[in-house]
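These notes concern the structure reproduced below.
The values are calculated or read from the model by the stated rules, or taken from the named source; none is laboratory data. All values reported here derive from a predicted model rather than from experimental measurement. Note that we place each Cβ from the backbone using ideal geometry, even for glycine, and neighbour counts take in every protein chain shown. Heads up: the accessible areas ignore ligands, DNA and RNA and are worked out on the full protein's heavy atoms, side chains in. Shrake-Rupley method; radii C 1.70, N 1.55, O 1.52, S 1.80 Å.
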Amino acid sequence: MSTPKKTTTEAKAKPVTAPDIQAMKGGEKICCMTAYDYPSGLIVDQAGVDLVLVGDSLAMVVLGREDTLSVTVDEMVHHTRAAARGVRRALLVADMPFMSFATVERALCTAHRLMGEGGARAVKLEGGRAVVPQITALVEAGVPVMAHVGLTPQHVAKFGGFKAQGKSAEATRVLIEDAQAVEEAGAFSVVLEAMPVEAARLVTEAVTIPTIGIGAGNVTDGQILVYHDALGLFDRFTPKFVRRFAELGEASRKAVEMYCAEVRKTTFPGDKNTFYMPEAELAQVRKIKVKPKKK
Ligand code: KIV
């Protein structure tokens, strides 16, 4: 008899763990989103996502950089710690930045910082067969690992841009082998980024760990989106696979324009936003003579 799959509703009662996510393979779709600080962590957690990723995408959507390559372990720890204060239920995963897991030793140090100082409960790293030694060592050390194959943004220089992967039979075979290798090494799930839905379906069928898609169609075990993309807060470009579920950038701009207009008209702050002197003090206050300071 097969083990019953866990649903989000069952998992809601207690904090979600990496084994909980792994057990959701083939069951209810796993809902994941990025967050980078206390307010975004709180919002995505309260909205009921299963997994929150502090992605190195923060380099672009929060810090305004061209790509993710320059983000440091210190920056990731800082943002992970902030997000951790808002995330109460979902599994908090932190991304290992470019080159911070180039060797097994560095991978262990980075994971130690992201979990020990940052409060993450798992880490994510980009790569397939090439990072098997790192995944094996991390898992042996007690670190739950999420892998990431397909379009791996840390390899943007090698790919020559943010380009979809797995577009041929041979490339699909490579993706399958990579996903099976990270599963074998002990990863509890794997992100599939920017690939044809047919390739994503084959990879999903080829592994027993959940696949989390972004730009991989609706055949994966779960989905992930970047918070700023989904909420309309990042304007530089919108990848084909993004759906904007709100236009918070536009709404925020309009709100700040209204604020400026009210300040200039002196209608803000209004009565409700103003402190007044207690009646008993007023007579004394009126006696205060203010001498303008000489320039
Ligand atoms: O950094 C990130 O936000 C990611 C997701 C797109 C999966 O890696």
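Side notes on the structure shown:
- Reach of Lys167 by Cα under 29 Å, taken over lysines that are not fewer than 8 positions away in the same chain: Lys25, Lys29, Lys124, Lys158, Lys240
- Cα centroid of segment 69-118 to Cα centroid of segment 131-176, whole Å: 18
- Rolling a 1.4 Å probe over the heavy atoms of the protein chains gives the chain an accessible area of 54 Å² per residue.
- In a simple Cβ point-charge model (Lys, Arg +1; Asp, Glu -1; nothing else charged), segment 118-245 has a dipole of about 480 debye relative to its Cα centre.
- Volume per residue of the C-alpha convex hull in segment 62-174, rounded to whole Å³: 119
- Computed helical MRE - 222 nm, the chain, DSSP H runs ≥ 4 contributing -39500 (n - 2.57), nearest 500: -12000 deg cm²/dmol
- Principal-axis tilt of helix 73-86 within the chain, Cα atoms, nearest 10 degrees: 70
- Positive-end extreme of charge dipole, segment 225-280 - chosen from Ala251, Phe237, Val226 (charges on Cβ): Phe237
- With Cα atoms defining each centre, segment 209-252 and segment 29-65 are spaced 11 Å apart in the structure.
- Hydrodynamic radius of the chain per Kirkwood, over alpha carbon pairs, in Å: 21.0
- Convex hull volume of the C-alpha atoms in segment 41-103, normalised per residue: 82 Å³.
- Helix 104-116 vs. the chain, principal-axis angle (Cα, 0 to 90°, nearest 10): 40
- Within segment 169-295, the proportion of C-alpha pairs whose separation exceeds 25 Å stands at 58%.
- Nearest-20 debye value, segment 8-246 charge dipole, Cβ charges on Lys, Arg, Asp, Glu: 420
- Carbon and sulfur %, accessible surface of the chain computed with the full protein complex present, 1.4 Å: 59
- Nearest-ten-degree value, helix 248-265 long axis tilted from longest Cα axis of the chain: 10
- Among 97-108, 252-263, the peptide with the highest mean count of other Cβ atoms within 10 Å heads the list, and the full ranking is 97-108, 252-263.
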